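The values are calculated or read from the model by the stated rules, or taken from the named source; none is laboratory data. Here the structure is a predicted model, which means the values were calculated and not measured. Don't worry about glycine lacking a Cβ; one is built from the backbone with ideal geometry, like all the others, and counts go over all protein chains shown.
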Protein chains: 2
Amino acid sequence: MKILVLGAAGMVGRKLIEHLISIGSLRGEKITGLHAFDVVEPAFESDGFPITVSHGDVADKATVDGMVSAKPDVIFHLAAIVSGEAEADFDKGYRINQGGTQNLFDAVVAREGYTPRVVYASSIAVFGAPFPEAIQDDFHLTPLTSYGTQKAIGELLLADLTRKGHLDGVGLRLPTIVVRPGKPNLAASGFFSNIIREPLAGKRAVLPVSKDVMHWMASPRSAVGFCVRAAEIDGTEIGPRRNLTMPGLAITVGEMIEALGRVAGAEAVARIDEVRDDTIVSIVDNWPRKFHAARAQSLGFVAESSFDEIIQAHIEDELGGSI
Amino acid sequence: MKILVLGAAGMVGRKLIEHLISIGSLRGEKITGLHAFDVVEPAFESDGFPITVSHGDVADKATVDGMVSAKPDVIFHLAAIVSGEAEADFDKGYRINQGGTQNLFDAVVAREGYTPRVVYASSIAVFGAPFPEAIQDDFHLTPLTSYGTQKAIGELLLADLTRKGHLDGVGLRLPTIVVRPGKPNLAASGFFSNIIREPLAGKRAVLPVSKDVMHWMASPRSAVGFCVRAAEIDGTEIGPRRNLTMPGLAITVGEMIEALGRVAGAEAVARIDEVRDDTIVSIVDNWPRKFHAARAQSLGFVAESSFDEIIQAHIEDELGGSI
């Protein structure tokens, strides 16, 4: 079992590889090698299977082709520039997100008889407002960002190439991942993590939207679980509709803060400053709030069922188990 | 008003240009020139505005860029290879249908401050089975052919480029166009036209599926009307969801044949030979049968409301008004 991870230095990539190191096998086979690639060279320590690291640009055809020439059995394609950057830099967004995905698919298609499982990180950004109260699995793709458009194009190609037998793809529309570890960032969705992570660490955090904002979330631990399940599931179980909205938790910011209070007390909650930011408010207004992710759930993809669990996962995975 | 038509030698392109010649204006402006392009050089006679004809490959970037450099006000992008060919020749399908569309969009985006109305011919092939009884406007894109995938990718790009102000696009998911003039062809959908056109001309035709097969159809005349309406409609009326399922008629083969009997008598009906073709049966099984095209209808797109009208349009437009 040889594995290639594109986007290995990102949060999900890093946690996925650490998880693979800890379990040592995938699809019932011992992992014999893993290639971890990103735009910056990732670093991993494994006392089990060997890990190759490299860095470069997924938009460079030869770079991607070179990695695929080793014919990995499973490819996790998590490499992308984020929504805000793809919106600000139109050319770069299409070059990396559409072009990079095209390069990967071209490299696989070019190798006859080679049909690896390709796990493709898509996003709920393939959907744009207006929405029904809960978005069903058969709701149309209506992205309102270039990022969402690029992800949706990748989904369509993944499904068609799978149908034609050129690869064996599974696309995952990931919820917003909360609680992201690390420092606060400028992503419009950053506050969903900031308002939990910072207060837990004794720091102040800004809430730029009102407490009745609802959003669709899952923990980093769930995101890793989605990737592993996507690598292992029998493709015939999924059928031709290979892109799946992942399960998550539809929860309001107010409910998130209540959960923070239950887990870490009123003093943690008091560290949140409500400072409305109209730009972020208007961006978040166009985001999906709630899904009915029936297909993915029936196919064995599992997310948290309460926000208390999501906070607890953060405390266990990032804070050594206690606050 | 300068116009560019890609795919000008196809059935819809030809009829659209003939119609534009007859009306002489578009969007309330006198047409001052039209460039008609296709893989084979089209031929038109106009005693009004000048028509330039040329031929070439839409997959050739420079060819497309050269045509766009004249900055036409309205571009009709009807150029594509058909479903069967795109399925048989994977590379050619992506090169022409995805690549050609990309070339057109790139050429427009490259010219700052130039935002032409782009009317893009998509197809109900962006949808794949299983379907609900009637497909609503918010049903997801689930193509089961490479052609449908390529059309869906074009739709996504069209919407994103419109949102970003790079062009002003309207995508039309065309029904199957019936009655196609000309000779019987080998397209899987060909029989829908053959069983009407051939008996009207005193010739025999083969029906390869059962009479209870239902499908979504509109006349060539309606297809031209859709293109003109798409060129003229105010984009703000449409909003960001720029791709519209066109209205049509959901009708069974049996009902088509009954209409033929009403218009042309029992002897025309007797010229249809039922010879089941399992390959065609299985292809047609995956095609959409019926839509609820509410958005397009509310935006002023109009199709026939009976199959008698569709036959009548064929008799008027192709047979000189009588049989």
Problem - In region B:254-308, the residues that are assigned to a helix (DSSP H, G or I) and closer than 30 Å to B:Pro240 by Cβ - result: B:Ala294, B:Arg295, B:Ala296, B:Gln297, B:Ser298
Exercise for the section: Evaluate the following for A:Arg262: is it within 25 Å of A:Leu172 (Cβ to Cβ) and not small (Gly, Ala, Ser)? Expected result: no
Fill in the blank from the handout: If you go through B:Gly225, B:Gly171, the only one that is assigned to a helix (DSSP H, G or I), at negative phi, of a type outside the set (Phe, Trp, Tyr) and touching a residue at least 60 places away in the same chain (Cβ under 8 Å) is B:Gly225
Handout entry: B:Ser54 being among the polar types (S, T, N, Q) and not in a loop (DSSP other than H, G, I, E, B)
Key = yes
Handout entry: Hits in region A:169-182 - residues which are in contact with a Lys or Arg (Cβ under 9 Å, 6 or more places away or on another chain) and surrounded by fewer than 21 Cβ atoms within 10 Å (Cβ to Cβ)
Key = A:Pro181, A:Gly182
Exercise for the section: Could you please let me know if A:Phe49 is more than 23 Å from the chain's Cα centre (by Cα) and buried (at least 16 other Cβ atoms within 10 Å of the Cβ)? Expected result: yes
Handout entry: Filter result for the condition that a residue is at negative phi and surrounded by fewer than 22 Cβ atoms within 10 Å (Cβ to Cβ), over B:Ala230, B:Ala218, B:Ala294
Key = B:Ala294
Practice task
Looking for whichever is within 14 Å of chain A (Cβ to nearest Cβ), outside any strand (DSSP E or B) and crowded, with 24+ Cβ neighbours inside 10 Å here; the options are B:Ile195, B:Ile153. Which one fits?
Solution key: B:Ile153
Completion exercise
Pairing a residue in region B:129-141 that is more than 8 Å from every other protein chain (Cβ to nearest Cβ) with any residue that is not in a loop (DSSP other than H, G, I, E, B), where Cβ atoms lie under 6 Å and the two sit 6 or more apart in sequence or on different chains, gives B:Ile135/B:Phe291
Practice task
Please indicate, with yes or no, whether at least one residue in region A:66-89 is surrounded by fewer than 16 Cβ atoms within 10 Å (Cβ to Cβ) and within 14 Å of chain B (Cβ to nearest Cβ).
Solution key: yes
Exercise for the section: Answer with yes or no whether B:Ile81 is modelled with pLDDT under 95, more than 22 Å from A:Ala152 (Cβ to Cβ), not hydroxyl-bearing (Ser, Thr, Tyr) and not in a helix (DSSP H, G or I). Expected result: yes
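Per-residue answers, yes or no, for (1) away from chain B (no Cβ under 11 Å); (2) under 27 Å from B:Thr162 (Cα atoms):
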site	(1), (2)
A:Val118	yes, no
A:Ala159	no, yes
A:Val170	yes, no
A:Arg173	yes, yes
A:Ser189	yes, yes
